[in-house]
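Take a look at the structure set out below.
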Amino acid sequence: MHGRYEVGGRGDYRYARGVGRVVVLLWLLGYGMPYQSEAAEWSLSPSIGLKGVYNSNLLLTPLPHHDTYGYWVTPSAEFVGKTERLDVSSKLAADVVGYFGGENRQFTNVYAPLSMHYRTEQDLFGFNGGFTRDNTLLGELQATGVVLQFAQRNQWTFNPTWTRMVTEKLSLYSSVQLSDTTYETARLADYRVVGGSGGLQYQLTERDQIQLSGSYTDIRTTDSRVPFQANFPGINLTLTHAFDESLTGSVYGGPRFLSSNTQTPIGSISADETVWLAGASIIKKFERAMAQVTFARDLNPSGFGLLIQTNRGEVSATYDVSETLTFGLNVVGMLTTGKAGTAIGGTFPESRYVSVAPKLTWQFLEWWRAEVSYMYRWRDTDSTISSTESHGTTFMVTYSPSRLSFSH
């Protein structure tokens, strides 16, 4: 689909204000860290990258189109702080992007994640969250397989956790999930997610672990022309087994009891059903390589103003050719269907998406790194006559000076 992209205005103010809040929070955390313990270690790792890109079909559209070229300028700074009990890490980064040719666009992505862990003798308190401003054709497409539009997305996430050790083998854990997502186009629907989970974890043997949890999730649109709301409590069982020191596998699954409501111009549409979600993963580590295979069936909100079900399989691997040369490969396949609600502008078609992305990274100098990558993307939906595909290449050079570190 083609969408209108807006530069400036309310969206730019929103993400600038969001970054400001994250910077203030990091400063407050850093200022208070030395008082958590007599010893504190800090480090700051800045870097800047310059990337040239080419894509034969950036929007994955079946309509006539032209090749797209572009540039990315990516400054970043990774912050890490550690005391005897507290760990804090964050990486403030931005992408200043310009496209020309088939698509003439300029936009800025911002990434401001924050991770914290605080330990006591029996408790572990954690937090993961932050602010992300990206493009729907990047993170959201790779996560759900759905092509929304060429639009900027602003997302706040807030995920505190608590784990308490009851015995050496038994622990209780709980978490809260809050997120708020807005799009800088009126054609997509903003939404909010509120949820939580809790359960117990038991170490059966040195190699086997079992988790049993209950969860509740509420998703609702905040500005849609067709208001949508869904909630789904559920139960989940997870089994993890370490075959040896280098091979670990896990499998999980359980039901979700889905209730949804859509407010249409002609009345309200409600539905109730039971959805079974499941997943599995296996990780193998070698002396110079690592491989991981995952599969997951999940429910996700969408900018289309409804809930979608995604069946996602992924294979990723890395291999250290030498001390300075690394090869990586990522393959993703997805089948996505509309699970509840009515899509903005019509019904939601079943979508199939595949991406294949090899990458070669070369550390050619102490502070300099070069990266060459290629990505093939294929997409097919029930609403189009033929499938679409794209070929993309990138070349990136990154300068990472020595880390700044100090202790207190």
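The values are calculated or read from the model by the stated rules, or taken from the named source; none is laboratory data. Quick caveat, the model's predicted, so the values are computed rather than measured. We place every Cβ from the backbone using ideal geometry, glycine too, and count neighbours over all the protein chains shown.
Quick check, is SER179 free of Cβ contacts under 8 Å to residues at least 40 places away in the same chain and closer than 22 Å to ASN135 by Cβ?
yes
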Here's a check for you: in the range 216-255, which residue that is touching a residue at least 40 places away in the same chain (Cβ under 8 Å) and of a type in the set (Gly, Ala, Ser) is nearest to THR185 (Cα to Cα)? SER224
Among the residues of the range 149-158, are any touching a residue at least 12 places away in the same chain (Cβ under 8 Å), over 30 Å from SER390 (Cα atoms) and buried (at least 17 other Cβ atoms within 10 Å of the Cβ)? yes
Out of the range 314-356, which residues are under 26 Å from LEU299 (Cβ atoms), among the polar types (S, T, N, Q) and modelled with pLDDT of 90 or more? SER316, ASN330, THR336, SER355
What are the residues in the range 379-397 that are under 25 Å from the mean Cα position of the chain (by Cα) and either within 28 Å of VAL354 (Cβ to Cβ) or part of a loop (DSSP other than H, G, I, E, B) (or both), if any? ARG379, ASP380, THR381, THR388, GLU389, SER390, HIS391, GLY392, THR393, THR394, PHE395, MET396
Any idea which of LEU114, LEU86, LEU92 is aliphatic (A, V, I, L, M), in contact with a helix residue (DSSP H, G or I) (Cβ under 9 Å, 6 or more places away or on another chain) and within 19 Å of LEU178 (Cα to Cα)? LEU114
Can you tell me which residue among GLY81, GLY49, GLY8, GLY30 is crowded, with 18+ Cβ neighbours inside 10 Å, at pLDDT below 95 and either over 19 Å from TYR376 (Cα atoms) or of a type outside the set (Phe, Trp, Tyr) (or both)? GLY81
Scanning the range 51-67 for residues that are over 23 Å from the mean Cα position of the chain (by Cα) and assigned to a strand (DSSP E or B) gives GLY52, TYR54
Taking only the range 274-285 into account, find how many residues are under 23 Å from GLY254 (Cα atoms) and either among the aliphatic types (A, V, I, L, M) or surrounded by 16 or more Cβ atoms within 10 Å (Cβ to Cβ) (or both). 8
The range 144-189, subset β-branched (Val, Ile, Thr) and modelled with pLDDT under 90, residue farthest from the chain's Cα centre (by Cα): THR185
Mind telling me which of the residues THR120, THR144 ends up being surrounded by 16 or more Cβ atoms within 10 Å (Cβ to Cβ) and of a type in the set (Val, Ile, Thr)? THR144
Determine whether the range 370-379 contains at least one residue that is modelled with pLDDT under 95, crowded, with 19+ Cβ neighbours inside 10 Å, of a type in the set (Lys, Arg) and farther than 25 Å from SER56 by Cβ. no
Cβ contacts < 7 Å: first residue in contact (Cβ under 8 Å) with a residue 60 or more places away in the chain and at positive phi, restricted to the range 309-321; second residue surrounded by fewer than 16 Cβ atoms within 10 Å (Cβ to Cβ) and part of a strand (DSSP E or B), any location; separation 6+ or different chain. Result? none
Tell me yes or no: at least one residue of the range 90-97 is buried (at least 19 other Cβ atoms within 10 Å of the Cβ), farther than 15 Å from PHE131 by Cβ and touching a residue at least 40 places away in the same chain (Cβ under 8 Å). no
